[in-house]
Every structure is written in structure tokens, then in C-alpha cells.
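Down below is the structure, laid out as C-alpha cells.
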Number of protein chains: 2
Amino acid sequence: MKIIQDVQTLRERLAGAGSIGFVPTMGFLHEGHASLLKQARQENDVVVLSIFVNPTQFGPNEDLDRYPRDAERDQKIAEAEGVDYLFYPTNETMYPLDMARVTVRSGDDVLCGASRPGHFDGVLTVVSKLLNVVRPTRAYFGLKDAQQLALIEAYVADYFVPVEIVRCPIIREADGLAKSSRNVYLSETERAQAPGIQQALQQAKQALDQGVPVETVLDRTREALQFEGTTIDYVEAVDYPSLRPVTEQTTTILLAVAVQFASARLIDNLLYTRGA
Amino acid sequence: MKIIQDVQTLRERLAGAGSIGFVPTMGFLHEGHASLLKQARQENDVVVLSIFVNPTQFGPNEDLDRYPRDAERDQKIAEAEGVDYLFYPTNETMYPLDMARVTVRSGDDVLCGASRPGHFDGVLTVVSKLLNVVRPTRAYFGLKDAQQLALIEAYVADYFVPVEIVRCPIIREADGLAKSSRNVYLSETERAQAPGIQQALQQAKQALDQGVPVETVLDRTREALQFEGTTIDYVEAVDYPSLRPVTEQTTTILLAVAVQFASARLIDNLLYTRGA
């Protein structure tokens, strides 16, 4: 595995490389990222992993400075998963001029976007840059960040970016908690509460299977997420991947939740296809 | 020459095409565009011309609806200049979702940008889309729209777009008036006044050659541009291509002017390299 910091060198290495699978991350890799890398390894000649804690997707009161980092461990995981090139740019490399940003016009006023203004502008800005740098055949994103994935798919379609976006399933701990770099922040008590999120989503799935109306399911899910010392950021259902309100025409419902613990904000979701 | 309206067909035609020269325009072609096409023809295996009157770069009070169009004449010119593919998309083709825009953060608060808020956001949005559609080896832009060219060059650098941007000189009428699709709007009297713009710029060049300070040159140029019935939109000097204020370190000065005639707003400029 080669670790590369600059764009020119990466491009030289990738010239004529055959099919390229790309996994963009902010590092502090866990089994969720590893599953993306495994799939990229199976489907492409070359695998590129990027690690870049993108400052423009953090709000002024968010956790950029304390975002967890472990470069050595990340490299070991990348090596073990058969990554060919680890792209490790600096802020100056990714934002040489920072003269323009991608600004989202629709789909960022719900779910995480509602409480994180500008977050998805930052995500799409950096993803569009990274896709131009790597020019992959396929790029892999997890359904954990379902809104991010939907917006990236929409951006790629809207801007004719020549890449195939691959949707990858949420990877969970044995007790159901969705893997996240932010899980390390949780106290022991919080870590014991956190699997309740997935349990609430499983109950929601059963209720939807039984034909319970979406609004009722959302109310029940809100009740189920009343953990001591936490607050609910949102419990919402939207059409997927349009992120518009659920209507009778909706085939796939994204039921997404965010719970604010004292030490971390956790998200999880259920992608529910009606009649499937 | 093939006329193509959809992205998929264009991409199929361009697959494995060798070097691609691309000239994006809003149509109503004149000798300025023809000069871009000639250069593209000389330097590339395949030449693509796009004609698309981009709605997002027009302000609410601007001339989108009455922007001049002449598809038949444009096709003849394109054919004569050896264009291989004329890409003629609809609004729906270029904005399938319109879910995100490119937003300029610096360099759009001077010159044309100051009086046309959002104009360069629209320009960069459509140019970034067109570059993704065509994926050219080289794209050709005229120095007539010097601010546009500088911002496109900055965008391409900032976003790692794999294309060479080629700067092409301003093409003028015999009497010095810069060629523009908007010149057709001019009344006879205005058409007689309009070459005064280039004369004022030539006087500015001589003054700069003689070491006259930039501020004095700007004042003199403002005086020289007092045509009856017109108003000066701006007369400004900025560093090129940064578009920042001129300092002692500035090598190349962009002295740019915009004059509002009753029937059209005309722009012109002088790119002045100190000591050259």
C-alpha cells in the first residue's frame, strides 16, 4: 500500500490503472468502512481509500477538533483490506483556493440537514473534489448516512459525474448499535442505552409490516427513544432517495433518527420498501 | 457535423475519440466564437461546440428572454469551422434535478460580479456540468469575458477538473468594437459611440506605458467613457488572474470596463503586463 498526500502523484499512479474502486472517509476506520473496502476490493482492479477530516462539513459548534483520529490503526486496517493507495491530503491540498462551494438547494432541509446548516454543502464540496482527483469507476458509501448517500447520488446525476455510486448496508455491533467513529465518545451508561435505537427501528419495521400508518409509527418510535439523559434530534420519515415527504406513491421509506447523547449524537435509519 | 441533444448520445460518440477541444457558448455566434473554434480545430482530434442559453446566469431583471438566437446561422458557422458535434441541450437536460449550485466565494464581488449577483454562480454551475458531460482535453474561452475566464481557471484548479483551459484573445470589429452577441441591440447612434470604449482602453494602455499611476489612469478612462445617453457601470483595475486589488507585486493588470447603453450593456478590457 502506498500512502500519497498530493494530487499529482496519485494521478500518476492511477493513470491506466483499470477499474478504480474508491472509498472516501474521515478516518478512524471501523468495520463499516472495512465492509466498503472489502466490496471495493472484490469489484475493482485498484482500491483507493481517502482519509480526510473535511473542515467545511463541520459547523462552528461541532466537533471538528475532537473528531477522533488514529492514523496508525487506520493504515493497518487499510493494509489488511487490500487498499492499494491511501490518499491522505491536507486542508491546503483539498482547498487550494476555496473560491467556490457546492451549495445544496433541496434535500438538505430535513433529517440531519435541518439541524446542521451547511453540513451537506461541505460534504458535496469535498466529495466532488475527491471524485475529480481519483476519477473512480465506482465509489462506495454506507447507508448509515442515508441522507448523505441520497444527496451524493442526486449530485452525481445532476452534474453528470462519471462514476457509479454503490450503496452499502449498515454494519452493526453484535447488540445492534450501528458502527460509527463517534461511538468511542459514549460513556458506559450511554453505550448500554445506544442499542435501543436499533430496537426502536426494528419495532418500527414490524409496525410498518402490520400496516400501521407512518405518522403513528413515528410517534411510537419517538416514545421508544426516550432514553434517560438524551434528547431526540429528529425522528422522520421521507421518501427515498428523493428525501421529499412520504406520499401514497412512495415505494421506499427512509425512517431516520438522530439521538443526542451527552457525549455524542448518534444516527441510525431503516430503509423500508413497501410490499417487499 | 452531428447535432446532439442528449448527454448519453454525446458520450457514446465521444468515447475513445482522442483529444477533444470544447467551445461552450450561448449561441448567436460571431467571429469571436469562430476564432475559438478555429483554434480548437487546429489543436484537437475532435471539436465539440455547445450552444445553451443558461438561465441560471441571468438575473431576474436581465435579458434571458430576449437574448438573441439564430440556430440556423449558428449551425452554418459551426459547420464552416469544422465542428464535429454540436451539443444543443434543453434546460431539462442540463438541470435534471437542479439540487445544487456552485457558489462563488471570492472574485465575484468586483467588475461584472458586483452588479450581477449570482451571475458567476450560474456560469460556474453550467460550465462544471458541461465539462463533466464533454470531458474535453482542452476548453476554449475568450478574454473578452476576462472575469469569467479567471473564475473558470480558478474553479478548475480548486476542483481538480481534468481539463486544460485555453485563453483566447478578444476579436474586434474593424473599428475596434469588441465582438459580442449583444452588439445587435445597438442603435445606429450607439453603434457609432461604441468604438470609443476600445479607444479609451488604448489611451489607458499608453498612459500605463508612460508610468501614469493606475488610479489616475482609471479616472481618465472614466472621463473618456462619458458618451451621451450612457452610464458607466464600472471602470476597474484588478490583479489578473486573482481578481484581487492591484498591488506593487501585481504583474498583470486587468483594466475592465462596462458601459450601459440604452439598449445593451457592453464590456471590454485590457490585459496589461507591466514591463512587457
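Antiparallel as a % of all DSSP beta bridges within chain A, to the nearest 5? Rounded to the nearest five, the antiparallel share is 50 percent. Just add up the charged neighbours of A:Tyr140: K/R +1, D/E -1, any other residue whose Cβ is under 11 Å from the Cβ of A:Tyr140. Residues close to A:Tyr140 contribute a combined charge of +2. Sorted from closest to farthest, the other copies place their B:Asp175 label points 8.4 nm away, with each point set 7 Å from Cα along Cα→Cβ.
Taken residue by residue and averaged, Cβ atoms of other chains lying within 10 Å of the Cβ of A:132-143 number 1. The helix-based estimate of mean residue ellipticity at 222 nm for the protein assembly as shown, built from -39,500 (n - 2.57) per DSSP H run of four or more residues and divided by its residue count, is -11000 deg cm²/dmol to the nearest 500.
Counting Cα-Cα pairs of segment A:114-229 in 10 Å increments starting at 0 gives whole-percent bin shares of 11, 31, 32, 22, 4. Along segment A:219-228 the Karplus relation, 6.51 cos²θ - 1.76 cosθ + 1.60 evaluated at θ = phi - 60°, assigns HN-Hα couplings of 4, 5, 5, 4, 5, 5, 9, 7, 8, 4 Hz to successive residues, with x for each Gly and Pro. Residue and distance for the chain A Cβ closest to the axis that moves A onto B, in whole Å, come to A:Thr103, 2. For A:Ala100, nonlocal amide neighbours, meaning residues 5 or more places apart or on other chains whose placed amide H falls under 5 Å from its own, are B:Arg105. Relative to the longest principal axis of the Cα atoms of chain A, the long axis of helix A:195-209 makes an angle of roughly 70 degrees. Of all DSSP-defined beta bridges confined to the protein assembly as shown, some 55% are antiparallel rather than parallel.
Write down the accessible area per residue of the protein assembly as shown in Å², having rolled a 1.4 Å probe over the full set of protein chains.
On the way: 23980 Å² over 552 residues.
That works out to 43 Å² for each residue.
All C-alpha to C-alpha distances of segment B:2-168, sorted into 5 Å bins beginning at zero, yield P(r) values of 2, 8, 18, 22, 23, 16, 8, 2, 0 percent in whole numbers. Counting only Cα atoms, the size of segment B:79-139 along its three principal axes is 38, 29, 20 Å, in decreasing order.
Computed over the Cα atoms of segment A:1-91, pair by distinct pair, the Kirkwood hydrodynamic radius stands at 13.7 angstrom. Three semi-axes describe the equivalent ellipsoid of segment B:82-182; taken as square roots of 5 times the Cα gyration tensor eigenvalues and ordered largest first, they are 22, 19, 15 Å. For B:Met1, the accessible area of its heavy atoms, probed at 1.4 Å with every protein chain present, is near 70 square angstrom.
Shielding of peptide B:157-168 by partners, expressed as the average count of other chain Cβ atoms within 10 Å per residue Cβ, is 4.
Amide H to amide H distances under 5 Å link B:Ile171 with B:Lys179, where only residues 5 or more positions off or on other chains count and H is placed in the peptide plane. Placing unit charges on each Cβ (+1 for Lys and Arg, -1 for Asp and Glu) gives segment A:181-269 a dipole about its Cα centre, and among A:Val246, A:Gly211, A:Leu186 the Cα reaching farthest toward its positive end belongs to A:Leu186. Our note on the geometry: Cα centres of segment B:154-193 and segment A:230-276, 50 Å apart.
For chain A, the longest principal axis of the alpha carbon atoms and the long axis of helix A:31-43 meet at an angle near 50°. The lysine pair tally for the protein assembly as shown, using Cα distances under 21 Å and a gap of 8 or more places or different chains, is 21. According to the Kirkwood relation over distinct C-alpha pairs, the hydrodynamic radius of segment B:181-270 is 13.6 Å.
With Cα atoms defining each centre, segment B:96-142 and segment A:60-131 are spaced 23 Å apart in the structure. For segment B:237-242, the Karplus equation 6.51 cos²θ - 1.76 cosθ + 1.60, evaluated at θ = phi - 60°, returns couplings of 10, 9, 5, 10, x, 6 Hz by residue, with Gly and Pro reported as x.
Helix B:71-80 sits at what angle to the longest principal axis of chain B, using alpha carbons and giving 0 to 90 degrees rounded to 10? Relative to chain B, helix B:71-80 is tipped by roughly 90 degrees.
The convex hull drawn around the Cα atoms of the protein assembly as shown, when projected onto a plane and averaged over every direction, covers 28.9 nm².
Out of every Cα-Cα pair that segment B:187-240 contains, those further apart than 15 angstrom amount to 48 percent.
What does the average come to when, for each residue of peptide A:91-102, you count the partner chain Cβ atoms lying within 10 Å of its Cβ? Don't jump to the answer; show the numbers that get you there.
Details: counts 0, 0, 1, 2, 1, 5, 10, 4, 15, 18, 7, 7.
Per residue, the average neighbour count from other chains is 6.
May I ask for the accessible area buried between chains A and B, both sides summed, probe 1.4 Å, to the nearest 100 Å²? Kindly include the intermediate steps, with their values, before the conclusion.
Values: alone 13370 and 13390 Å², together 23980 Å².
For A against B, buried area totals roughly 2800 Å².
For segment B:181-270, relative contact order (Cα pairs under 8 Å, six or more residues apart, normalised by length) works out to 29 percent. Under a model in which nothing but the beta-carbon of Lys, Arg (+1) and Asp, Glu (-1) is charged, segment A:184-272 shows a dipole of about 120 debye around its Cα centre.
The values are calculated or read from the model by the stated rules, or taken from the named source; none is laboratory data. Remember, predicted model here, so these are calculated numbers, not experimental data. Cβ coordinates were reconstructed from backbone atoms using ideal geometry, including for glycine residues, and neighbour counts include every protein chain displayed. In case anyone asks, the SASA skips ligands and DNA or RNA and just uses the protein heavy atoms, side chains included. Shrake-Rupley method; radii C 1.70, N 1.55, O 1.52, S 1.80 Å.
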